[in-house]
Amino acid sequence: QKEVEQDPGPLSVPEGAIVSLNCTYSNSAFQYFMWYRQYSRKGPELLMYTYSSGNKEDGRFTAQVDKSSKYISLFIRDSQPSDSATYLCAMSAPNTGNQFYFGTGTSLTVIP
Amino acid sequence: NAGVMQNPRHLVRRRGQEARLRCSPMKGHSHVYWYRQLPEEGLKFMVYLQKENIIDESGMPKERFSAEFPKEGPSILRIQQVVRGDSAAYFCASSPQTGSGELFFGEGSRLTVL
């Protein structure tokens, strides 16, 4: 079983839609949860960073962590064509040698 | 711009040559990671370094690949005797401290082996 599972998509939505991206994980020791956005032929850009459980909101983006279900989500409200990218989830645990575990990424296209 | 700087952005090598990829972490960051990404695939961890120390190289192929992060200067990922299968994007990332959970990436170095 992979440490982190992420549906690769592709996901295609109309402009203005609410997008939901998700990852599941198996290691209950994970405490740090990140979402990255990667445009084609660019480096991953850190979008959201959450420690432990709960929600975090930043503009049109909301990150949710449900540790009891080992499930994290990223919601994008009022999606824009500029949101078209691959979204990667990542997580890590304290005292594990600083290993970061990445999902394979979900490809999102927002259609104008 | 105080972001993670990688160079070269694009590198073409013939089979059997050596490739050297450089990474300067963000200012104040002392932890460097190297990842490899193949088209349509996720990021694969290769190596984690601190200044003058390799902390975890469990993702690094045993042969032909090496990495260093000297006291002065950038981190270097070195691939000797490149083969076509080494063609990929190599990303460097840095973090400010152990266990912070925040990882910042450079724009990557794209290696093409002819």
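The values are calculated or read from the model by the stated rules, or taken from the named source; none is laboratory data. The model shown is predicted, which means the values in this text are computed figures rather than measured ones. Quick reminder, even Gly has a Cβ in these numbers, built from the backbone with ideal geometry, and neighbours come from all protein chains shown. Ligands, DNA and RNA are excluded from the accessible area calculation, which covers all protein heavy atoms including side chains. Shrake-Rupley method; radii C 1.70, N 1.55, O 1.52, S 1.80 Å.
Structure notes:
- Within the set A:Ser79, A:Ser73, the sole residue that is in contact (Cβ under 8 Å) with a residue 40 or more places away in the chain, among the small types (Gly, Ala, Ser) and over 28 Å from B:Trp34 (Cα atoms) turns out to be A:Ser79.
- Residue ID - farthest from B:Pro8 (Cα to Cα), chosen from residues in the stretch A:23-34 that are assigned to a strand (DSSP E or B) and within 12 Å of chain B (Cβ to nearest Cβ): A:Cys23
- Filtered by the rule that a residue be open to solvent by 20 Å² or more (accessible area, probe 1.4 Å) and part of a strand (DSSP E or B), the stretch A:1-12 gives A:Glu5, A:Leu11, A:Ser12.
- Subset tally (residues that are open to solvent by 60 Å² or more (accessible area, probe 1.4 Å) and either within 12 Å of B:Met46 (Cα to Cα) or within 14 Å of chain A (Cβ to nearest Cβ) (or both)) for the stretch B:79-101: 2
- Filtered residues of the stretch A:18-31 (kept if open to solvent by 30 Å² or more (accessible area, probe 1.4 Å) and within 14 Å of the chain's Cα centre (by Cα)): A:Ser20, A:Asn22, A:Thr24
- Considered as a group, the residues in the stretch B:48-93 that are among the hydroxyl-bearing types (Ser, Thr, Tyr) and at pLDDT below 95 include one that is farthest from the chain's Cα centre (by Cα), and that residue is B:Ser58.
- Looking only at residues of the stretch B:51-64 that are surrounded by 14 or more Cβ atoms within 10 Å (Cβ to Cβ) and assigned to a strand (DSSP E or B), we find that the one that is farthest from the other protein chains (Cβ to nearest Cβ) is B:Ile54.
- Only one entry of A:Ser20, A:Ser82, A:Ser107, A:Ser69 meets the criterion of being away from every other protein chain (no Cβ under 11 Å) and assigned to a strand (DSSP E or B), and that entry is A:Ser20.
- In the stretch A:35-48, the residues that are in a loop (DSSP other than H, G, I, E, B) and either among the basic types (Lys, Arg) or more than 11 Å from chain B (Cβ to nearest Cβ) (or both): A:Arg41, A:Lys42
- Only a single item in (1) open to solvent by less than 20 Å² (accessible area, probe 1.4 Å); (2) facing chain A (nearest Cβ under 10 Å) is not met by B:Arg110, and it is number (1).
- Scanning the stretch A:79-101 for residues that are hydroxyl-bearing (Ser, Thr, Tyr) and open to solvent by less than 10 Å² (accessible area, probe 1.4 Å), we see that the one that is modelled with the lowest pLDDT is A:Ser92.
- Filtered residue count, the stretch B:38-49, keeping only those that are open to solvent by 30 Å² or more (accessible area, probe 1.4 Å) and facing another protein chain (nearest Cβ under 9 Å): 4
- Only listed residue being within 18 Å of B:Val4 (Cβ to Cβ), open to solvent by 40 Å² or more (accessible area, probe 1.4 Å) and within 14 Å of chain A (Cβ to nearest Cβ), chosen from B:Phe104, B:Phe69: B:Phe104
- Condition met for A:Pro10 (within 11 Å of chain B (Cβ to nearest Cβ), farther than 23 Å from B:Leu49 by Cβ and at pLDDT 90 or above): yes
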